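Asks: Sending over a structure as structure tokens; questions will come in a sec.
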Amino acid sequence: MSSRFKDHSSMRKGSDIRTYAKEIISSISEKFNQIGRPVKIMHVCGTHETTVAKSGIRSLLPDELEIISGPGCPVCVCPAEHVTSAIQLAKDGHIIVTFGDMFKVPDQKLVTLARAKSEGLDIRIVYSVTDALKIARENPDRKIVWLGIGFETTAPMTAYSLMNNPPANYYVLADFRLVPPALDVLISDPNHGLDGFILPGHVSTIIGTDPYERFASEDKMPGVVGGFDPIDFLIAMDMILQQILENKPRVDNAYPQVVSKKGNQMALDALEEVFTIADAKWRGIGTIPQSGYELADKYKQHDARSLLKEPIVLDNDLFKGCQCGSVILGKIKPQECGHFLKRCTPETALGPCMVSDEGTCRIAALYQSKVIR
Amino acid sequence: MDQEHEQIVDLAMNGGGKKMDALIKFISENLGSQTGSEDIISPAHMDDSAVIELKGDNNKIVITTDSHTVDPVFFTGGNIGDLSIAGTVNDLTVMGAEPKYLTIGMIIEEGFKFSDLSKIVQTIGKRARETGVRIVAGDTKVMPKGDLSNIILNTAGFGLLIREYPISDAKTKPGDKIILTGSIGDHGTSLMALREGMDFQTDLPSDAAPFWPAFRDVVKNTGIHSMKDITRGGLASASNEIADKSGVCLVIDSEEVIVKPEANAICDILGLEIYEISCEGRAIMAVDPDEVENVIAELHKYELSKEAKVVGYVEEAPKGQVHIITDIGGKRILDKPYGEPIPRVC
Ligand code: SF4
């Protein structure tokens, strides 16, 4: 719509890419110069941050055109209570089933599921929720707890599992979070200083672009849904600068092959059937209104929290000095945390942002531990 | 003999008695005849140590040691025997030494099949003959089942320097060109594709290969300032060691680095960084720009380095760093990997 770099599918090989990237970058720089002031763009997706860091996009852009990493890592914002509750449930004799990315996430005391497992608790890593159902069927006299975390992208799979007659011993510890309410929190800070959002491709596949319209119309924030290879991301940047230049905030879709206006109706129906939207805690950030999925009453008999003798609530959910909350909100860069690459490394992570593949601290540690200029 | 092939290694072969002698005899027979024996005075009769007399002008001795474990023990394009010879020979060659003698220690898990052992030992013998190194001493131990996984080999290598000064990791200079002798990551990705639970349809072979005798004339070139064989930690480790020890910045252009499509695909799926994946038959060199053409021309004469090419250059600063020029022309850091590359689970 607003970029002449739309159809680039034929241009993905060898030096073509470099020439093409150069063209987009010079278009970006031209627009940036016309705008004539520093510009701050935030993306809200861990995969986007990997693309940006791994392909060195920041090194190609003007210094004052900043790309900031926002709350795009579901593992990072998952409350520490989730880990503590899962370990408690394992201690009570239940089987815990999870994706691998939660396995090494430390709670505020640096206890992880990995450590709990090495101490003999029954915690199993699987590749999909189907495997969790299988384990439940194979162990009819045990209770199986599936760790349900993620954004709108992963929640539908858990919803389907509950809708299709799961065994009675299948439980879900649900801590799914919604992306748009986190953007509300960011914008509500009068000092946010943001000029636009690159919106997450995967999440938008499910929810569509409509839920973002209010940021453009009410908050005057430009937004572009971006894809995941470096060229896709550069095109999204070019489109967002165009909006800023025209001073016409809207939601553009730079990933139309996969993302539609209305999203995936089947997935949305499943989410509505199985969950209700509730206030929810984000790790290091606090409670965000209407930002999480809870099991609807109809499915409460599968709620793993009902297995806990009393609910687990932590006042402090990060290790001392860990600033994951500020990193997730894009307020500081990992390098500004006192622990970064000192006590906290990918091998000795103190916070979730250093553990997850989508965590800003981990990505910074792997690809830009030293700044290139 | 056929019946012997059905046998497994048992703990009694550790005892120093007749069963052990039989095991050693089995190994020597499978090793085959040896080359390069002119300096060997002993062992003629399974003595306790080898005795070697140095003749000629080359009297700078280069020594290295290496232990080898691999999962699986037999992989596409080789087995642990290839690794034991290539690893040791390559460590000597990249110093500018002619590999001469090797010792081999084998630690074998109880229950290991004789048929597999014979394949490994035959490979060791064949590779040793091809590279002209002589195996002068050996040792075997058998350990209870479960104490190790299949087999561990340890080798020591002894070579003679064939240039005035050894090639050092610390001698790279600003202005040097970086040469890679072939594609990267073949060995590591080939192994991963074979591991349990991975379902890749690929016959991507490991790149395991000894540098000697192919690099005999290459390493005599004094324009080679640094040279390293790329092993664990892949290009990321090898390049960072050179940058660090030489106090320079290596700039590597991703577009010039050869990565086989299969290796790339496997890395993508498993969420791994190709630069961190191991090789067993590739070297990185920092070469004086005036000698680059000669070195490349020499490398192109041999199968294992027929794709050798310049992939980058050396700058003065920032010292100790390696930069990658990415697909789209951006720059980023290539750091030493943190630990083993672990395939992503979800
Ligand atoms: S560097 Fe470590 S301690 Fe600091 S914010 Fe990141 S994860 Fe937390």
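The values are calculated or read from the model by the stated rules, or taken from the named source; none is laboratory data. Source: prediction; values computed, not measured. Every residue, glycine among them, receives a Cβ derived from its backbone with ideal geometry; neighbour counts consider all protein chains shown. The protein model used for the area step is the full one, side chains on, heavy atoms only, and it has no ligands, DNA or RNA in it. Shrake-Rupley method; radii C 1.70, N 1.55, O 1.52, S 1.80 Å.
Asks: Enter the angle in degrees (range 0 to 90, nearest 10) between the Cα long axis of helix A:80-91 and the first principal axis of the Cα atoms of chain A, meaning the one along which they spread out most.
Replies: In chain A, helix A:80-91 runs at an angle near 30 degrees to the longest axis.
Asks: Another question, then. Can you tell me the 0 to 90 degree angle between the C-alpha axis of helix A:14-35 and the longest principal axis of chain A, rounded to 10?
Replies: Rounded to the nearest ten degrees, it is 70.
Asks: Take the Cα atoms of segment B:177-333, find their three principal axes, and give me the spread along each one in whole Å, biggest first.
Replies: So the three principal-axis extents are 48, 36, 25 Å.
Asks: Continuing with this model, one more query. Quote the relative contact order of chain A in percent (integer), defining contacts as alpha-carbon pairs under 8 Å separated by 6+ residues.
Replies: That works out to 22 percent.
Asks: If each Cα of segment A:162-226 is one equal point scatterer, what is log10 of I(q)/I(0) from the Debye formula at q = 0.17, 0.21 Å⁻¹?
Replies: Results for segment A:162-226 at q = 0.17, 0.21 Å⁻¹ read -0.67, -0.88.
Asks: Let me ask something else. Which of the listed residues, A:Leu329, A:Cys361, A:His302, is farthest toward the dipole's positive end in segment A:275-373, when Lys, Arg count +1 and Asp, Glu count -1 at the beta-carbon?
Replies: Going by the Cα projections, it comes out as A:Cys361.
Asks: Still on this structure, please answer the following. Do you know which residues of segment B:317-337 lose at least 10 square angstrom of accessible area in the protein assembly compared with their chain on its own, with a 1.4 angstrom probe?
Replies: Buried by the other chains: B:Gln321, B:His323, B:Thr326, B:Asp327, B:Ile328, B:Gly329, B:Gly330, B:Lys331, B:Arg332, B:Ile333, B:Asp335.
Asks: List the pair-distance distribution P(r) of segment A:228-373, using every Cα-Cα distance, as the percent of pairs falling in each 5 Å bin from 0 up to the bin containing the longest distance, rounded to whole percents.
Replies: 2, 8, 10, 12, 13, 16, 17, 13, 7, 2, 1, 0
Asks: Can you list the residues in segment B:231-263 whose accessible area drops by at least 40 Å² when all protein chains are present, compared with the chain alone? Use a 1.4 Å probe, heavy atoms only.
Replies: B:Glu255
Asks: Let me make sure I get this right: for segment A:129-210, a, b and c are the square roots of the gyration tensor eigenvalues over alpha carbons, sorted descending. Under 1.5 in a/c it's rounded, otherwise prolate if a/b > b/c, else oblate. Which is it?
Replies: prolate
Asks: Going out from 0 in 5 Å bins, what whole percent of all Cα-Cα distances in segment A:24-124 drops into each bin?
Replies: 2, 11, 17, 15, 10, 9, 8, 8, 7, 6, 4, 2, 0
Asks: Still on this structure: Among A:Ile285, A:Pro79, A:Tyr127, which residue has its Cα furthest toward the positive end of the charge dipole of chain A, with +1 on Lys/Arg Cβ and -1 on Asp/Glu Cβ?
Replies: A:Tyr127
Asks: Say the cut-off is 25 Å between C-alpha atoms; which of B:Lys119/B:Lys228; A:Lys320/B:Lys336; B:Lys245/B:Lys306; B:Lys177/B:Lys301; B:Lys60/B:Lys228 go over it?
Replies: Over 25 Å Cα-Cα: B:Lys119/B:Lys228; A:Lys320/B:Lys336; B:Lys245/B:Lys306.
Asks: Same structure again: Taking a probe of 1.4 Å and counting only protein heavy atoms, give the total accessible area buried between chains B and A in Å², rounded to the nearest 100.
Replies: 2200
Asks: Could I ask something else about it? Given R₀ = 22 Å, FRET efficiency for B:Asp290-B:Ile63 by Cβ-Cβ distance, to 0.05?
Replies: For B:Asp290 and B:Ile63, the calculated efficiency is 0.10.
Asks: Another question about this same structure. In deg cm²/dmol, rounded to 500, what helix-only [θ] at 222 nm does chain A give when every DSSP H run of at least 4 residues adds -39500 (n - 2.57) and the total is split over its residues?
Replies: -10500 deg cm²/dmol
Asks: What ratio of Cα Rg to 2.2 N^0.38 Å holds for chain B?
Replies: 1.04
Asks: Next question, about the same structure. Which of rounded, prolate, oblate describes the protein assembly as shown, given a ≥ b ≥ c as roots of the alpha-carbon gyration tensor eigenvalues and a/c under 1.5 marking rounded, otherwise prolate only if a/b is larger than b/c?
Replies: Judged from the Cα gyration tensor, the protein assembly as shown comes out oblate (a/c at least 1.5, b/c at or above a/b).
Asks: Can you work out D for chain A in µm² s⁻¹ from Stokes-Einstein, where Rh is the Kirkwood radius over C-alpha pairs, the temperature is 37 °C and the viscosity is 0.692 mPa s?
Replies: Rounded, D is 153 µm²/s.
Asks: Which whole-angstrom value gives the distance between the alpha carbon centres of segment A:252-280 and segment A:32-48?
Replies: Centre-to-centre distance over Cα atoms comes out at 26 Å.
Asks: Loop-only check: which GluC sites (Glu not before Pro) in segment B:249-346 are DSSP coil with at most 12 other Cβ within 10 angstrom?
Replies: Passing sites in segment B:249-346 are B:Glu316.
Asks: Could you check which residue among B:Ser49, B:Ser118, B:Ser168 shows the biggest mean-square fluctuation in a GNM of chain B with a 10 Å Cα cutoff?
Replies: Comparing B:Ser49, B:Ser118, B:Ser168 in the GNM, the peak value goes to B:Ser49.
Asks: Next question. Based on Cα positions only, what radius of gyration and what Dmax would you give for segment B:11-161, in angstroms?
Replies: 15.4, 49
Asks: Provide the percentage of antiparallel DSSP beta bridges, counting only those with both residues in chain B; round to the nearest 5.
Replies: The answer is about 75 percent antiparallel.
Asks: What is segment B:237-310 by shape, rounded, prolate or oblate, if you read a ≥ b ≥ c off the alpha carbon gyration tensor as root eigenvalues and call it rounded for a/c under 1.5, prolate for a/b larger than b/c, and oblate otherwise?
Replies: Because a/c hits 1.5 or more and a/b fails to exceed b/c, segment B:237-310 counts as oblate.
Asks: With +1 on each Lys and Arg Cβ and -1 on each Asp and Glu Cβ, how big is the dipole of chain B about its Cα centre, in debye rounded to the nearest 20?
Replies: The calculated dipole for chain B is roughly 420 debye.
Asks: Taking the Cα centre of segment B:11-161 as origin and charging only Cβ (+1 Lys, Arg; -1 Asp, Glu), how large is the dipole, in debye to the nearest 20?
Replies: 300
Asks: Return the aspartates and glutamates within reach of A:Lys143: Cα separation strictly under 15 angstrom, same-chain partners fewer than 8 residues apart disregarded; answer none if there are no such residues.
Replies: Candidates past the 8-residue exclusion: A:Asp92, A:Asp122, A:Asp131, A:Asp303.
Asks: If the elastic network links every pair of Cα atoms under 10 Å, which of B:Ala317, B:Ala208, B:Ala308 fluctuates the most in the Gaussian network model of chain B?
Replies: B:Ala317
Asks: For the pairs B:Lys171/B:Lys220; A:Lys331/B:Lys331; A:Lys134/A:Lys281; A:Lys262/A:Lys298; B:Lys173/B:Lys319; B:Lys126/B:Lys220, flag any whose C-alpha to C-alpha distance is greater than 20 Å.
Replies: Where the Cα-Cα span goes over 20 Å, the pairs concerned are A:Lys331/B:Lys331; A:Lys134/A:Lys281; A:Lys262/A:Lys298; B:Lys126/B:Lys220.
Asks: Could you report chain A's accessible area per residue, 1.4 Å probe, as an integer in Å²?
Replies: For chain A, the per-residue accessible area is 42 Å².
Asks: So, one more: Suppose we keep just the DSSP beta bridges with both residues in segment B:11-161; what percent of those would be antiparallel, to 5?
Replies: Of the beta bridges lying entirely in segment B:11-161, close to 70 percent run antiparallel.
Asks: I've got another one for you. Expressed as a whole number of Å, what is the distance separating the alpha-carbon centroids of segment A:188-240 and segment B:205-222?
Replies: Each part reduced to its Cα centre gives a spacing of 53 Å.
Asks: Just the number, please: carbon plus sulfur as a percent of the accessible area of the protein assembly as shown, 1.4 Å probe, no ligands or DNA/RNA counted.
Replies: Carbon plus sulfur share of accessible area: 50 percent.
Asks: Further question on the same structure: Could you report chain B's accessible area per residue, 1.4 Å probe, as an integer in Å²?
Replies: Dividing the accessible area of chain B by its residue count gives 44 Å².
Asks: Another question, if that's okay. Given C-alpha coordinates of segment A:324-368, what is the ratio Rg to Rh with the Kirkwood estimate of Rh?
Replies: Rg/Rh for segment A:324-368 comes to 0.90.
Asks: I've got another one for you. Express in % the proportion of alpha carbon pairs of segment B:136-269 at distances exceeding 23 Å.
Replies: The proportion of pairs with Cα distances above 23 Å equals 52 percent.
Asks: Helix-derived [θ] at 222 nm for chain B: sum -39500 (n - 2.57) over DSSP H runs of at least 4, divide by residue count, nearest 500?
Replies: My calculation for chain B gives -8000 deg cm²/dmol from helical runs alone.
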